[in-house]
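Read-outs throughout are calculated quantities, based only on the coordinates presented, and are distinct from any laboratory measurement. Quick caveat: nothing in here was measured; it's all calculated off a predicted structure. Methodologically, a virtual Cβ is constructed for each residue, glycine included, from the backbone with ideal geometry; neighbour enumeration extends over all protein chains shown.
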Amino acid sequence: MNIVVLLISILLFFVLFFGIGFILNMILRMTWVMAIIYPIVAILIIDRVRFLDYFTKSKFAFQELGTKFSNLATADIIILLSGLAGAIASGITIKLLRKNGYQMF
């Protein structure tokens, strides 16, 4: 992967999940909602197994997930971690804004 593509991807994932997390935090008034939802979103991005298979064919689904995780490239891991950082940063930002007296919705 080209370094320019990696840097743009990192920035996009950070901004995307920061924005989604910020909006969800304002609407639902739950500070860490996106940080909790993000691992599920990351699993859906990585794995091609249907979500229902985690409940009906759980052994196969989790084995497939483990295989996919172990085959991830370093660049993919960095990109996914930047999305998690964006989700956590949105929670911290909302918490600081509420502490300083700004009420969201």
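In table form, for the structure just shown:
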{"item": "Relative contact order for the chain, counting Cα pairs under 8 Å that sit 6 or more residues apart, in percent", "result": "49 percent"}
{"item": "Segment 37-42 - phi-based ³J(HN,Hα) in whole Hz, Karplus 6.51/-1.76/1.60, Gly and Pro as x", "result": "6, 4, x, 5, 5, 5"}
{"item": "Furthest towards positive pole of dipole, I46, A85, A73, structure part the chain, Cβ charges", "result": "A85"}
{"item": "Residue exposure sequence - D53, D47 - by fewest surrounding Cβ within 10 Å", "result": "D53, D47"}
{"item": "Cut-off of 10 Å, at most 16 other beta carbons, DSSP loop: longest stretch of the chain lacking such trypsin sites (Lys or Arg not before Pro)", "result": "58-105"}
{"item": "Overall form of segment 3-99 per C-alpha gyration tensor (a/c, 1.5; a/b vs b/c)", "result": "oblate"}
{"item": "Gain on full stretching of the segment that runs from M30 to D76 - 0.36 nm per residue minus C-alpha separation", "result": "13.7 nm"}
{"item": "Cβ-placed point charges (K, R +1; D, E -1), dipole of segment 3-99 about Cα centre in debye, nearest 20", "result": "360 debye"}
{"item": "FRET efficiency for R98 and F69, using Cβ-Cβ distance with R0 set to 35 Å, rounded to 0.05", "result": "0.50"}
{"item": "Fluctuation leader among F14, F60, F22 - the chain, Gaussian network, Cα springs under 10 angstrom", "result": "F60"}
{"item": "Farthest toward positive dipole pole in the chain [+1 Lys/Arg, -1 Asp/Glu at C-beta], among T56, G101, G19", "result": "G101"}
{"item": "Per-pair calculated FRET efficiency, R0 = 35 Å: F60 and N2 via Cβ, rounded to 0.05", "result": "0.50"}
{"item": "Angle between the chain longest axis and helix 74-99 axis [Cα atoms, degrees, rounded to 10]", "result": "20 degrees"}
{"item": "With Cα atoms, 0 to 90° folded angle of helix 3-28 axis to the chain main axis", "result": "60 degrees"}
